[in-house]
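Read the structure below first, then the notes.
The values are calculated or read from the model by the stated rules, or taken from the named source; none is laboratory data. Keep in mind that what you see is a predicted model, and the values were worked out from it rather than measured. Cβ sites come from the backbone with ideal geometry, for glycine too, and all protein chains shown count toward neighbours.
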Amino acid sequence: MLQQSIKSYIQQDLQTQYLLHLADNALILSHRNSQWCGHGPILEQDIALTNIALDQLGQARNLYQYAALLITEKTGIATTEDQLAYLRDVGEFKNCLLAELPNGDWGQTVLRNFLMGSYQFFLYQELQQSAIGQLKAIAEKSIKEITYHVRWSADWVLRLGDGTAESKGRMVQALELLWAYTGEMLEPCDYELPFIATQSSFIKAAWEAKIASVFSEASLVHPTNEWMQSGGKKGIHTEHLGYLLAEMQFLQRAYPGLEW
Amino acid sequence: MESTLVIDKEKSIWDILETVCDPEIPVLTIIDLGIVRAVRFDEASSLVTVTITPTYTGCPAMDLIGTQIRMSLAEAGILQVQIHQTLSPAWTTDWMSESGKIKLKAYGIAAPVARAFNKEYLEELQMECPNCGSKNTKLVSEFSSTACKALFQCKDCLEPFDYFKCH
């Protein structure tokens, strides 16, 4: 567990919450993608997804390192990226629900990556103009990698959506399942507002245009249901995150403080 | 103005860094890759600061590169070394040296073809096979043995090959 004084500090500092939210999105998505390692449909794509997971882990690390630095400076308690990743429990994670859902089949996995990657692309595009120097630097660095991720996942959505009857059926199913979790990414919550308030409507519009264009090319019918599930950003998660953390944080839970 | 001693010292450090190779692609030095952004020698404290930038955020080679820099400098008797990592400006393949690109090709990896990273370029990938020189090649996967490379196959000589992506 994180020290109570660090927890209290996070609870009252919007910038730290925002950095943790961005980092948690990247880490949890990375962890889900890494679960495909050794299980991909073909070797080349197994490697592709593992590489994407590695990029996302790197992005998460940059954000956790920056958050840890700020916490250390403000509280005077030495805090590390590992503590932020391994010592927080479900309720303290601020990732979108979309990131934590199980992988499902390959179609569901590539669709989730497309939906989230496209959002991250437009978000980081805006964060490149951030007034916070380190956040701007992280955005400039990350967007290059995310460009390749979206290129890859959009290609797969196209291939499966416009593929065989079987692959199309799987994509339709995946879209039905994931759609209700997309709205949470696009509606900024209190700790996001100071950092992307004015750009959030642009991000949403750009994301919707990108999604619509790929769906249309993939001959996938754009979902019309408007009800959206949310909660993850405020620490109210699906049951899946608990199991994910139990695995990801196993070492620190079993052997607290252990270092490589 | 910096003293001659400082300038000479920094020059000699750059020369040493020219011998440090990338752990993943050993034909390239960290200078070829554009990883080293700055070298500073502080005359008063004798402290050497080497500023490096990661190629990819998740690149596991960065820590190893830092260690290799320390070891190479230590062999030359330079022990007070600080490795500073910076993210901005973000690393780009534009910083790869021309000699580096030639070495890369000789090693069997196609070098980045465009000057800058941009979306327009990404749409028109036509890669030359480093083995036979044919341009009749196809993209197999956007990601290959590492995140920084894509996997291609030559349709003439049939050899698969890595392409160091523009970044």
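Key figures for this structure:
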{"item": "In region A:113-160, the residues that are of a type in the set (Ser, Thr, Tyr) and out of contact with any Phe, Trp or Tyr (no Cβ under 8 Å at 6 or more places or on another chain)", "result": "A:Tyr124"}
{"item": "Filtered residues of region B:23-63 (kept if small (Gly, Ala, Ser), more than 16 Å from B:Ser97 (Cβ to Cβ) and in a loop (DSSP other than H, G, I, E, B))", "result": "B:Ala44, B:Ser45, B:Ser46, B:Gly58"}
{"item": "Subset of region B:17-52 that is in contact with a Leu (Cβ under 7 Å, 6 or more places away or on another chain) and of a type outside the set (A, V, I, L, M, F, W, C) - its residue that is nearest to B:Lys165 (Cα to Cα)", "result": "B:Asp22"}
{"item": "Checking A:Thr50 against (1) in contact with a Gly (Cβ under 9 Å, 6 or more places away or on another chain); (2) more than 9 Å from chain B (Cβ to nearest Cβ), the condition it does not meet", "result": "(2)"}
{"item": "So B:Ile78, is it part of a loop (DSSP other than H, G, I, E, B) and more than 12 Å from the chain's Cα centre (by Cα)", "result": "yes"}
{"item": "Filter result (under 22 Å from B:Pro54 (Cα atoms) and at pLDDT 85 or above) within region B:109-141", "result": "B:Ile109, B:Ala110, B:Ala111, B:Pro112"}
{"item": "Top-ranked residue of region A:16-45 - restricted to ones that are at the interface with another protein chain (Cβ under 10 Å from one of its Cβ atoms) and in a helix (DSSP H, G or I), ranked as surrounded by the fewest Cβ atoms within 10 Å (Cβ to Cβ)", "result": "A:Leu43"}
{"item": "A:Gln3 being in contact (Cβ under 8 Å) with a residue 12 or more places away in the chain, within 27 Å of A:Leu158 (Cα to Cα) and either more than 14 Å from chain B (Cβ to nearest Cβ) or surrounded by 24 or more Cβ atoms within 10 Å (Cβ to Cβ) (or both)", "result": "no"}
{"item": "Among the residues listed as A:Leu175, A:Leu160, the single one being under 18 Å from the mean Cα position of the chain (by Cα) and either part of a helix (DSSP H, G or I) or of a type in the set (Val, Ile, Thr) (or both)", "result": "A:Leu175"}
{"item": "The listed residue being touching a residue at least 60 places away in the same chain (Cβ under 8 Å) and within 26 Å of B:Phe152 (Cβ to Cβ), out of A:Leu43, A:Leu49, A:Leu84", "result": "A:Leu49"}
{"item": "Test result for A:Ile138, closer than 22 Å to B:Thr86 by Cβ and more than 10 Å from chain B (Cβ to nearest Cβ)", "result": "no"}
{"item": "Odd one out for B:Ser88 among (1) crowded, with 16+ Cβ neighbours inside 10 Å; (2) within 14 Å of chain A (Cβ to nearest Cβ); (3) at pLDDT 90 or above", "result": "(1)"}
{"item": "Selection within region A:88-122 - among the small types (Gly, Ala, Ser), outside any helix (DSSP H, G or I) and within 19 Å of A:Cys189 (Cα to Cα)", "result": "none"}
{"item": "Residue list for region A:84-108, restricted to those being surrounded by 23 or more Cβ atoms within 10 Å (Cβ to Cβ) and under 20 Å from A:Val172 (Cβ atoms)", "result": "A:Leu98, A:Gly107"}
{"item": "Residues within region A:142-177 that are over 15 Å from A:Val214 (Cβ atoms) and either within 14 Å of another protein chain (Cβ to nearest Cβ) or of a type in the set (Phe, Trp, Tyr) (or both), tallied", "result": "6"}
{"item": "Single residue of region B:128-147 satisfying the filter (part of a strand (DSSP E or B) and within 7 Å of chain A (Cβ to nearest Cβ)) that is nearest to the chain's Cα centre (by Cα)", "result": "B:Ser141"}
